[in-house]
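The values are calculated or read from the model by the stated rules, or taken from the named source; none is laboratory data. Computed from a prediction, not measured in an experiment: that's the story for all the values here. So basically every Cβ, Gly included, is an ideal-geometry build from the backbone, and we count neighbours across all protein chains shown. Protein only, heavy atoms only, side chains kept; ligands, DNA and RNA dropped before computing areas. Shrake-Rupley method; radii C 1.70, N 1.55, O 1.52, S 1.80 Å.
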Amino acid sequence: MSEPSADPALFDRVVNLTKRRGFVFGSSEIYGGFRSTYDYGPIGVLLLRNVKEAWWRSMVQLRHDVVGLDAAILSPPAVWEASGHLANFTDPLVDCTNCQARHRLDKLEDPNVCPTCESKGTFTEARHFNLMFKTHAGPVEGKGHEVYLRPETAQGIFTNFANVLQTSRKKPPFGIAQIGKSFRNEITPGNFVFRTREFEQMEMEFFVPPAEVDQWYQYWRDQRFQWYLDLGMPEASLRLRDHEADELSHYSSATADVEYLFPWGWDELEGIANRGDYDLTQHANASGEKLDYFDQASGERYTPHVIEPAAGATRTAMAFLMAAYDEETVNDDTRTVLRLDHRLAPYKVAVLPLSKKDTLTPTAHEVFDAVKGRWMADYDETQSIGKRYARQDEIGTPFCITVDFDTLEDRAVTVRERDSREQDRVSLDQLEGYLAERLGS
Ligand code: GAP
């Protein structure tokens, strides 16, 4: 099989679609925009929620050994001192003395050449730039009032380890999962929502007896890779890559990345790391609290080791969009369609009265009311039916339900399937069952 190759043209197509259809807007656009910060519009927020819901379902709901958490975003310096982030969560930063551009040294193709102005040997010495956002709590600034916006959701899990252990009746091996915003003052944000300063993570810390750590590392590597495949990512565009020793984070003894073939090449969606007992030991030493586990069966007390699958929700949503984007020629026209897995599709159904005429409205509302409790549904009565189908194809809606003048007579609607464009006439009393069978819920 030949190696798949990146498609650079796809990037602009998907970004255009997301703006045109209300997935993602540049933040503070009416004030000229705020670089690399984005807002999720009416369609984007649904996609993002569905990505997070699919993760939560697989990581928490369907498991007896993982519980959830929603910890605070703000935390005091002590947390980040113990975690090592104050000392180590840095990127090497160089400035070009010719054009003043700022770059991450470790991301440069040639460490002596500025990619902005192409001059050689014009970089300053590298400075270590801490990526955490610092602010202050309360009206007084300065020492003693500093707080940090979390750069990862993970630490809120470690600092709550004892609370969860005591209240959840779980014992190792067990996990704590969390979804939420994280903040990093990235030097070079970019590639749309791929790398931003404010983003959402989906992280799980799985606490295991030390002797079982290697087996659980393998388990979570496989499980997490499979999650993307199950949600429709093509296998050829997905790979698991083990980190080289010099790539490992300060806390990790082994990490594998799930990578997707983005339009600019292979890049990270998620890291699965063996964090050992680093975090619990650091927080136990710094706080003076016991963060270990006493196994009554063996009479042994130990600090659990941790396997961490850490994914980006916003980044993953973008990858699902890219993987789902398709163009095909239909009757000499190009049809754009998002072939999203049904679970990820922003709307599952759209109710489209053929005309805006008052005679159709009550029945169209009746259909909308019949489906809206079970499925996220759109209701659209403007423009030609062709244009409305095209819009629903572009936002990935699996089923369009057309209410026409015959509906008033035969109490049936036309249901059009997104990928095949095939249409079925379905009677209203069968509609819910018809959709449930095909949407899988
Ligand atoms: N707790 C471990 C941790 O945070 P990470 O590899 O730095 O590990 C995990 O982050 C995931 O979070 C990444 O794989 C990526 O999907 C997402 N992520 C990290 N930085 C990001 C950024 N600046 N913008 C968008 N997503 C980001």
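The antiparallel fraction among DSSP beta bridges confined to the chain stands at about 85%. Averaging Cα coordinates gives a centre for the range 16-45 and one for the range 393-441; these two points are 31 Å apart. About its Cα centre, the chain has a charge dipole of approximately 1020 debye under the convention of +1 per Lys or Arg Cβ and -1 per Asp or Glu Cβ, with nothing else charged. Per residue, the accessible area of the range 296-341 comes to 41 Å² when a 1.4 Å probe rolls over the protein heavy atoms. Within the same chain, aspartates and glutamates fewer than 8 places from Lys372 are excluded, and of the rest, those with a Cα less than 17 Å from its Cα are Asp380, Glu381, Asp429, Glu432, Glu437.
Using a 1.4 angstrom probe, figure out how much accessible area the range 235-274 has per residue, in square angstrom, rounded to the nearest whole. Numbers along the way, then the final one.
Working: 1650 Å² over 40 residues.
Dividing the accessible area of the range 235-274 by its residue count gives 41 Å².
DSSP bridge analysis restricted to the range 281-438 gives an antiparallel fraction near 70%, rounded to the nearest 5.
Straight-line cross-link partners of Lys19 among the lysines, defined as a Cα under 25 Å from its Cα and at least 8 positions apart when in the same chain: Lys52, Lys181, Lys348, Lys387.
Tell me, what % of the accessible area of the range 339-441 is carbon and sulfur with a 1.4 angstrom probe? Write down the numbers at each step before the final one.
Details: 2310 of 4890 Å².
Whole-percent figure for carbon plus sulfur exposure: 47.
The eigenvalues of the Cα gyration tensor, multiplied by 5 and square-rooted, give the chain an equivalent ellipsoid with semi-axes of 43, 29, 21 Å from largest to smallest. In the chain the longest region clear of GluC sites (Glu not before Pro) that are loop-assigned by DSSP and have at most 13 other C-beta atoms within 10 Å covers 290-421.
When the alpha-carbon atoms of the range 85-146 are used, the pair Rg, Dmax equals 15.8, 47 angstrom.
Rolling a 1.4 angstrom probe over the range 176-287 with all protein chains present gives an accessible area of which 42% lies on carbon and sulfur atoms.
Which order do Arg221, Arg301 take when ranked by solvent-accessible area (1.4 Å probe, heavy atoms of all protein chains), largest first? Mind dumping the intermediate values first?
On the way: Arg221 35, Arg301 130 Å².
Listed by decreasing accessible area, they come as Arg301, Arg221.
As I understand it, the value is the acute angle between the Cα axis of helix 385-394 and the longest principal axis of the Cα atoms of the chain; what does it come to in degrees, rounded to 10? Result, in degrees: 20.
R0 = 22 Å: FRET efficiency of Lys290 with Lys171, Cβ-based, nearest 0.05?
Details: r = 15 Å, r/R0 = 0.69.
The pair Lys290/Lys171 has a calculated efficiency of 0.90.
For Ile73 and Asp242, the FRET efficiency from 1/(1 + (r/R0)^6), where r spans their Cβ atoms and R0 equals 30 Å, is about 0.40. Over all alpha-carbon pairs in the range 55-166, figure out the percentage whose distance exceeds 23 Å. When all Cα pairs of the range 55-166 are counted, 53 percent exceed 23 Å.
Could you tell me how many degrees, from 0 to 90 and to the nearest 10, lie between the Cα long axis of helix 361-372 and the main elongation axis, the longest principal axis, of the Cα atoms of the chain? Roughly 30 degrees, rounded to the nearest 10.
Roughly how many percent of the accessible protein surface of the range 1-106 is carbon and sulfur, given a 1.4 Å probe and a whole-percent answer? Ligands and nucleic acids excluded, carbon and sulfur give 53 percent.
Out of the range 75-152, which trypsin sites (Lys or Arg not before Pro) are coil in DSSP terms and have no more than 13 other C-beta atoms within 10 Å? Could you put the intermediate results ahead of the total?
On the way: sites: Arg102, Arg104, Lys107, Lys120, Arg127, Lys134, Lys143; in loops: Lys143.
Counting only loop positions with at most 13 other Cβ atoms within 10 Å, the trypsin sites (Lys or Arg not before Pro) in the range 75-152 are Lys143.
Given the C-alpha atoms of the range 304-441, compute the convex hull and give its volume per residue in Å³. Can you show the working numbers first?
Working: hull volume 18.7 nm³, N = 138.
Residue-normalised Cα hull volume stands at 136 Å³.
When the square roots of the Cα gyration tensor eigenvalues are ordered a ≥ b ≥ c, the ratio a/c for the range 372-441 is 1.5 or more and a/b does not exceed b/c, which makes its shape oblate.
Centre-to-centre separation between the Cα atoms of the range 88-125 and those of the range 284-311: 42 Å.
Take the Cα pairs of the range 309-382, get the Kirkwood Rh, then feed it into Stokes-Einstein at 25 °C and 0.890 mPa s and tell me D in µm²/s. List each step's numbers first, then the result.
Values: Rh = 15.0 Å.
In µm²/s, the coefficient is 164.
The ratio of the alpha-carbon radius of gyration of the range 208-360 to the globular-protein estimate 2.2 N^0.38 Å is 1.53. The residue among Met132, Asn112, Phe11 whose Cα reaches farthest toward the positive pole of the charge dipole of the chain, with charges on the beta-carbon of Lys, Arg, Asp and Glu, is Met132.
Looking at the range 132-207 from every direction and averaging, what is the projected area of its Cα convex hull in nm²? With the hull built on Cα positions only, its mean projection is 7.0 nm².
Straight-line cross-link reach from Lys170 at under 16 Å between alpha-carbon atoms covers these aspartates and glutamates, not counting any fewer than eight positions away in the same chain: Asp65, Glu205, Asp292, Asp295.
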